[in-house]
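K.L.:
Structure in structure tokens, see below.
The values are calculated or read from the model by the stated rules, or taken from the named source; none is laboratory data. Fair warning: this is a prediction, and the values are worked out from it, not measured in the lab. Note that we place each Cβ from the backbone using ideal geometry, even for glycine, and neighbour counts take in every protein chain shown. Side chains included, ligands, DNA and RNA excluded: accessible areas come from the protein's heavy atoms. Shrake-Rupley method; radii C 1.70, N 1.55, O 1.52, S 1.80 Å.
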Amino acid sequence: MSLSLLLALVLAPGPGFVELERASWDAMRALPPAELPVPAWAASRTLTLTPVPGGLQLRARWELRSLSPGAWFSGQVLGDMPGLRLEDLRWNGKPAAVAVGSGGVTVAGKVSGRATIELQAFVPGDPLQAPLLLQVLPATRGRSEAGAPGGLVAALRVPGEAGAVLRPDAAFWSGAGALELAYVSAP
């Protein structure tokens, strides 16, 4: 290994660090805190879970917000769920810039005030046999609705917290990034 390569590896920024040119650093430090760009965030999320043969049809909608004009948003909308099949993903109604990999589904785009992400996916599994863990982009607030096969009701819960049983006309309020779905006998 050459000395220059070894030196470059030793001096390279580690994970979780960023290297900036001096001019960029000085420009960022010169701005008062009120003028620093604020990244876009997921303000709300709606999930609809419908049982289909072999798993669930997942429909999701996120409303993104930004305080800075043209702020960029990049986020993992679906986590690693074995056998996940992304069917459609749209950014403001148009096909989105998407990366699908072993870690899940990531989307990126610009948010000028507001933007909407909508997706449809198939998640394999049988919530009647074992709870199905859904990993989705968290939001400041969220609403989930889940259907269930006849004679059953859907039970959604945030892992690590007390669960809530959903009746066919009820909703589960949580913007958490992980939800567990199970089917239980109707009362």
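K.L.:
Go through S112, S174 for me and flag whichever is within 15 Å of W62 (Cβ to Cβ) and of a type in the set (S, T, Y).
P.N.:
On the way: S112 fails: within 15 Å of W62 (Cβ to Cβ).
Step by step, each of S112, S174 is checked, and only S174 is within 15 Å of W62 (Cβ to Cβ) and of a type in the set (S, T, Y).
K.L.:
From the list G109, G93, G103, which one is open to solvent by less than 50 Å² (accessible area, probe 1.4 Å) and under 13 Å from the mean Cα position of the chain (by Cα)?
P.N.:
On the way: G109 fails: under 13 Å from the mean Cα position of the chain (by Cα); G93 fails: under 13 Å from the mean Cα position of the chain (by Cα).
From the options G109, G93, G103, the qualifying one is G103.
K.L.:
Which members of segment 51-70 meet the condition of being in contact (Cβ under 8 Å) with a residue 40 or more places away in the chain and over 18 Å from the mean Cα position of the chain (by Cα)? Reasoning before the result, please.
P.N.:
The first filter runs over segment 51-70 and keeps only residues in contact (Cβ under 8 Å) with a residue 40 or more places away in the chain, leaving 51-52, 54-66, 69-70.
Hits for segment 51-70 are P51, V52, G54, G55, P69, G70.
K.L.:
Against the condition without any contact (Cβ under 8 Å) to a residue 24 or more places away in the chain and in a strand (DSSP E or B), how does A99 come out, does it pass? Walk me through it before giving the result.
P.N.:
Values: without any contact (Cβ under 8 Å) to a residue 24 or more places away in the chain: yes; in a strand (DSSP E or B): yes.
The answer is yes for A99.
K.L.:
Can you tell me how many residues within segment 152-173 are more than 12 Å from P51 (Cβ to Cβ) and either part of a strand (DSSP E or B) or modelled with pLDDT of 85 or more (or both)?
P.N.:
Count: 9.
K.L.:
Which pairs do you get when a residue that is over 10 Å from G177 (Cβ atoms), found in segment 128-145, comes within reach of a residue that is assigned to a strand (DSSP E or B) and acidic (D, E), reach meaning Cβ atoms under 6 angstrom, with the pair 6+ apart or on two chains?
P.N.:
P131/E180; L133/E180
K.L.:
Take S68 and tell me if it is over 30 Å from Y183 (Cα atoms) and open to solvent by 80 Å² or more (accessible area, probe 1.4 Å).
P.N.:
Spelling it out, it is not the case that S68 is over 30 Å from Y183 (Cα atoms) and open to solvent by 80 Å² or more (accessible area, probe 1.4 Å).
K.L.:
Scanning for something of a type in the set (S, T, N, Q) and open to solvent by 20 Å² or more (accessible area, probe 1.4 Å), does segment 141-160 turn up at least one residue? Reasoning before the result, please.
P.N.:
Filtering segment 141-160 down to residues of a type in the set (S, T, N, Q) leaves 144.
Narrowing the set further to residues that are open to solvent by 20 Å² or more (accessible area, probe 1.4 Å) leaves none.
The answer is no, given that none of the residues of segment 141-160 is of a type in the set (S, T, N, Q) and open to solvent by 20 Å² or more (accessible area, probe 1.4 Å).
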